[in-house]
1. What nm value, rounded to one decimal, do you get for the distance between residue 385 and residue 346 when each label is placed 7 Å out toward the C-beta?
2. Report the label-to-label distance for residue 63 and residue 212 in nanometres (one decimal), using points 7 Å from each Cα along the Cα→Cβ vector.
3. In whole Hz, what ³J(HN,Hα) sequence does region 373-384 give by Karplus (6.51, -1.76, 1.60; θ = phi - 60°), x for Gly and Pro?
4. Residues of region 327-347 with amide nitrogen under 20 Å from the 7 Å Cα-to-Cβ point of residue 399?
5. How much of the DSSP beta bridge set in region 305-401 is antiparallel, as a percent to the nearest 5?
6. Quick one: angle between helix 186-200 and the longest Cα principal axis of the chain, in degrees between 0 and 90, rounded to 10, please.
7. Please determine, in degrees from 0 to 90 and to the nearest 10, the orientation of helix 76-88 with respect to the longest principal axis defined by the Cα atoms of the chain, where the helix direction is its Cα long axis.
8. Specify which residue in the list 173, 22, 293 is farthest towards the positive end of the charge dipole of the chain, using unit charges on the beta carbon of Lys, Arg (+1) and Asp, Glu (-1), about the Cα centre.
Amino acid sequence: MKNVVIVGAQWGDEGKGKVVDLYSAKAEYIVRYQGGNNAGHTLVVNGKKTVLHLIPSGILHADKVCLIANGVVFDPEVFFKEIDSLLSSGAITNAPYERVRVSDRAHVILPYHCALDAARETKAAGGKLGTTVRGIGPAYEDKVSRRGIRVGDLLDPKTLKEKLRHAIEEKNVLMAGLYGGSPVDLESLFESCVKLGEKLRPYVADVKSVLMTALAHKRAILFEGAQGTLLDIDHGTYPFVTSSNTIAGGALTGSGVGEGAIGSVVGIMKAYLTRVGSGPFPTEIEETEPELAEKIRTIGAEFGATTGRKRRIGWLDLVALKYAVEVNGLTGLALMKADVLNGLEFLRICTSYSLGGNTIYDLPSRAEDLARIEPNYEIYPCWPDYDAKKVEEFGDLPEELRGYIRKIEDFTGVPVVLLSVGPGREETLELSDPFTEVGKVH
Ligand code: IMP
């Protein structure tokens, strides 16, 4: 049994929730290792809608252990809201702390992080990044500048107050001086943190040790990435990125396991592209083909699960996908939402860019270059509407869809291991199992 990392291969929202749900059935431990409640999966349990931002969606499979590891930035208020909603929908029963463990090393998102994120989005010079305003960036900044509060700190009131004083010192000056906000009151912040710590105590664990025991007993582990490769702080379209390492390497630093613990890395990709928030998007069609963008957005329900914002729509970009294959070391691809394109007249696939009169085959590093590159497209016929319920194997797929998949595989050198042709669990074709084999070619 191999352990599997899944990552978003594009700008997030590729449909990781569905893959995590499917793969959770094969794993015993499901680990979130980066990001925070900027992610979002909408799930329907017993007819009741549950939106999870922080707790891995593997929680819906009985007996699976969900771990929130050190690389996550953790908002305790959001965590308890999710626990309450899972309890009230019956998705989990009593003693949820047996099913969900939170690393004592994870950094805590506190209200001043959200306030700073919001102040920058509304008032800062230099333009909006279009963040989710969940305090993600400011919490990671505190981690790196070594004034962060970790989950373990919430459990020790004796040392917590001094740490909080240190954490808010500069922020109060910044909020009052630059953003015209009000300063944080240390006493009330301290009291609420102590209360949260007490409530959190039963969930807190040394997650790295939990993982070491799981590895020693050869239990299958699924590492669930959030956001997407092109939002990675180092390898994404900087500065229009999130503040964590969203690539597969983040699973190692974000959880404390070594490289040998990972067997397969599956990149989740959509048959087209979306991006939410600001930043360059070479194959975007909002200006060039606005009616088609609207059609895809409506059929694909392309609105953010966290903020409700419209997702920007574009054609599949194989140059960016190949880049994702490289920086993640992908061993397989999961192709999602192919059904959204059913019956379109034709499809465009970007296979190179033009920049300043040159043809280029790699993603430029600077946002300014990314904003001015022109995509070069190949045109492909689209597959007709077909009955996905009758598809049992690769050969049952329409010829054009098989051709699209082969094009992706040939260009990237990585096999498609899973194809999703509808939102339901049954509307999925698993071409190979990343827990037992590294992408066989069909
Ligand atoms: P932040 O992560 O809230 O700081 O936002 C930084 C950028 O990442 C913004 O463009 C967000 O829209 C984007 N982003 C953050 N989380 C997600 C996600 O789960 N899906 C898609 N985009 C995201």
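1. 2.3 nm
2. The two pseudo-label positions are separated by 2.8 nm.
3. 6, 10, x, 9, 10, 9, 9, 10, x, 8, 7, x
4. The answer is 342-347.
5. That works out to approximately 85 percent antiparallel.
6. Roughly 60 degrees, rounded to the nearest 10.
7. Taking the Cα atoms of the chain, the angle to 76-88 is about 70 degrees.
8. The one lying farthest along the dipole's positive direction is 173.
The values are calculated or read from the model by the stated rules, or taken from the named source; none is laboratory data. Note that the structure is predicted; figures quoted are calculated from it, not measured. All Cβ positions, glycine included, derive from the backbone under ideal geometry; neighbour counts span all protein chains shown. What goes into the accessible areas is simple: the full protein's heavy atoms, side chains included, and nothing from ligands, DNA or RNA. Shrake-Rupley method; radii C 1.70, N 1.55, O 1.52, S 1.80 Å.
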